[in-house]
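*Asks:* This is the structure I have questions about; it appears just below.
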Amino acid sequence: MLNCLFASYQARIPIVYLEAPWPELLRRNRDRPAKVPEKVLYRMKNRLEMRDITEVQVVDWVVFNERIQQRFSVITI
């Protein structure tokens with residue numbers, strides 16, 4: 001939708017996708033002073049829609065686990 005408008009102006013559209021293990025996300029939420037109800041988190045998780053790589057020029061994937069952070073970049077034209 002907006003991607004077409006941005007593309008008509010030759011705008012660069014980056015996406016940064018942050019990923020952490022689901023148990024880690026639930027733990028972080030439990031540790032927050034203002035918690036999001038878990039049923040809301042599950043609903044958001046089920047609605048998550050990954051963008052298609054053809055919709056943007058750059059996608060940065062940042063994947064976290066207990067020990068390392070991995071970063072992958074894909075540049076499309």
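The values are calculated or read from the model by the stated rules, or taken from the named source; none is laboratory data. As the structure is a prediction and not an experimental result, all values here were calculated from the model. Cβ placement follows ideal geometry from the backbone for every residue including glycine, while neighbour counts extend to all protein chains displayed. These accessible areas exclude ligands, DNA and RNA; they are computed on the full protein's heavy atoms, side chains included. Shrake-Rupley method; radii C 1.70, N 1.55, O 1.52, S 1.80 Å.
*Asks:* Where the second residue is not polar (S, T, N, Q) and the first is open to solvent by 100 Å² or more (accessible area, probe 1.4 Å) and lies in segment 16-31, which pairs have Cβ atoms under 8 Å and are six or more apart or on separate chains?
*Replies:* Leu18/Val62; Leu18/Phe64; Arg28/Ala20
*Asks:* Of all residues in segment 37-73, count the ones that are surrounded by fewer than 12 Cβ atoms within 10 Å (Cβ to Cβ), assigned to a loop (DSSP other than H, G, I, E, B) and either in contact with a helix residue (DSSP H, G or I) (Cβ under 9 Å, 6 or more places away or on another chain) or modelled with pLDDT of 75 or more (or both).
*Replies:* Qualifying residue count for the region: 5.
*Asks:* Provide a single number: the residues in segment 29-46 that are closer than 20 Å to Trp61 by Cα and basic (Lys, Arg).
*Replies:* 1
*Asks:* In a loop (DSSP other than H, G, I, E, B), modelled with pLDDT of 75 or more and of a type outside the set (Val, Ile, Thr): does that describe Glu24?
*Replies:* The answer is no for Glu24.
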